[in-house]
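Enquirer: First the structure, then my questions, so here it is.
The values are calculated or read from the model by the stated rules, or taken from the named source; none is laboratory data. The structure displayed is predicted, hence computed values, not measured ones. Neighbour counts are summed over all protein chains in view; Cβ atoms, including those assigned to glycine, are modelled from backbone coordinates with ideal geometry.
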Amino acid sequence: MRSVRLLTMVALVAALACEDDPLRSRMPEAPPPPSRGVQAFVQVSRTEARPGEEIWVFVRVQLGTDTDAKLGSYTGRLAFNPEVLAFKSETKINDGLRVTNPNGAGEGELRFAGASATGFADLTLFAGVFEVKKTGYTSVLKLTMEELSAALTLSDLTPTLDLPPQIFLR
């Protein structure tokens, strides 16, 4: 009877020690916020989707903790390999004026832009649904930001832009 209790206790401790979602523990949700400047990065809803499944891809921005500016406008491109991912649709973000040009999606490029005179409350710049054609899709996503400006002052934020190459999990 004592060995059953001991075995039960060991099993309980082992179960509690296991993480519920080991994938999340290996891939952070976002880079640490910068103290100055701005960061733009890509997030995906899943990293282990199989061909035929859909994932969500997000482009987000973080302003530095010492930055008083609000993001007022942006222009960027999300490149991907169309043999690995297929763009399905954009997810509407109701904050400011935002537009996505999917004309280049067949060749593996989406352009997106937005503007808000008072600054964006939602710092998600793009959100879209993609169909996975092949595994390894996180390695084919590449973000380029062409313009980032502050609201009200129209200050150019691009010189202080950091683009971490890592993909993050949302």
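Enquirer: Please determine whether any residue of segment 39-60 is under 20 Å from Leu163 (Cα atoms), of a type outside the set (D, E, K, R) and modelled with pLDDT under 95.
Expert: Scanning segment 39-60 turns up at least one residue that is under 20 Å from Leu163 (Cα atoms), of a type outside the set (D, E, K, R) and modelled with pLDDT under 95.
Enquirer: Let me ask something else. Pairs needed: first member in segment 17-37, part of a loop (DSSP other than H, G, I, E, B); second member anywhere, at pLDDT below 50 and exposed (fewer than 12 other Cβ atoms within 10 Å of the Cβ); C-beta distance under 9 Å; at least 6 residues apart or different chains.
Expert: Listed by first residue and then by second, the contacts come to Glu19/Ser25.
Enquirer: Look through segment 127-170, keep the residues that are touching a residue at least 12 places away in the same chain (Cβ under 8 Å) and acidic (Asp, Glu), and return whichever of them is nearest to Phe41 (Cα to Cα).
Expert: Top of the filtered list is Asp162.
Enquirer: Criterion first (at pLDDT below 95 and in a helix (DSSP H, G or I)) does Thr8 satisfy it?
Expert: Values: at pLDDT below 95: yes; in a helix (DSSP H, G or I): yes.
Yes: the conditions hold for Thr8.
Enquirer: Next question, about the same structure. Kindly provide the set of residues from segment 142-153 that are hydrophobic (A, V, I, L, M, F, W, C) and loosely packed, with under 15 Cβ neighbours inside 10 Å, ordered by number.
Expert: Within segment 142-153, just Leu152 meets the criteria.
Enquirer: Do we have Ala30 as at pLDDT below 95, surrounded by 11 or more Cβ atoms within 10 Å (Cβ to Cβ), closer than 30 Å to Asp156 by Cβ and of a type in the set (Gly, Ala, Ser) here? Show your work before the answer.
Expert: Values: at pLDDT below 95: yes; surrounded by 11 or more Cβ atoms within 10 Å (Cβ to Cβ): yes; closer than 30 Å to Asp156 by Cβ: yes; of a type in the set (Gly, Ala, Ser): yes.
Here the answer is yes, as Ala30 does meet what is asked.
Enquirer: Of the numbered conditions (1) surrounded by fewer than 17 Cβ atoms within 10 Å (Cβ to Cβ); (2) over 27 Å from Ala150 (Cα atoms), Thr47 fails exactly one; give the number of that condition.
Expert: With respect to (1) surrounded by fewer than 17 Cβ atoms within 10 Å (Cβ to Cβ); (2) over 27 Å from Ala150 (Cα atoms), Thr47 is out only on (1).
The rows are residues; the columns are (1) at pLDDT 95 or above; (2) touching a Ser or Thr at 6+ places or on another chain (Cβ under 8 Å); (3) more than 21 Å from Ala30 (Cα to Cα); (4) not charged (D, E, K, R).
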position	(1), (2), (3), (4)
Leu63	yes, no, no, yes
Ala69	no, yes, no, yes
Arg98	yes, no, yes, no
Ser116	yes, yes, yes, yes
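Enquirer: Which of the residues belonging to segment 119-141 are surrounded by 15 or more Cβ atoms within 10 Å (Cβ to Cβ) and more than 20 Å from Lys92 (Cα to Cα)?
Expert: Correct list: Val132, Tyr137, Thr138, Val140, Leu141.
Enquirer: Of all the residues that make up segment 84-100, how many are within 17 Å of Ala115 (Cβ to Cβ), aliphatic (A, V, I, L, M) and touching an Asp or Glu at 6+ places or on another chain (Cβ under 7 Å)?
Expert: 1
Enquirer: With respect to the numbered conditions (1) within 18 Å of the chain's Cα centre (by Cα); (2) buried (at least 19 other Cβ atoms within 10 Å of the Cβ); (3) touching a residue at least 40 places away in the same chain (Cβ under 8 Å), which one is the sole condition not fulfilled by Arg98?
Expert: (3)
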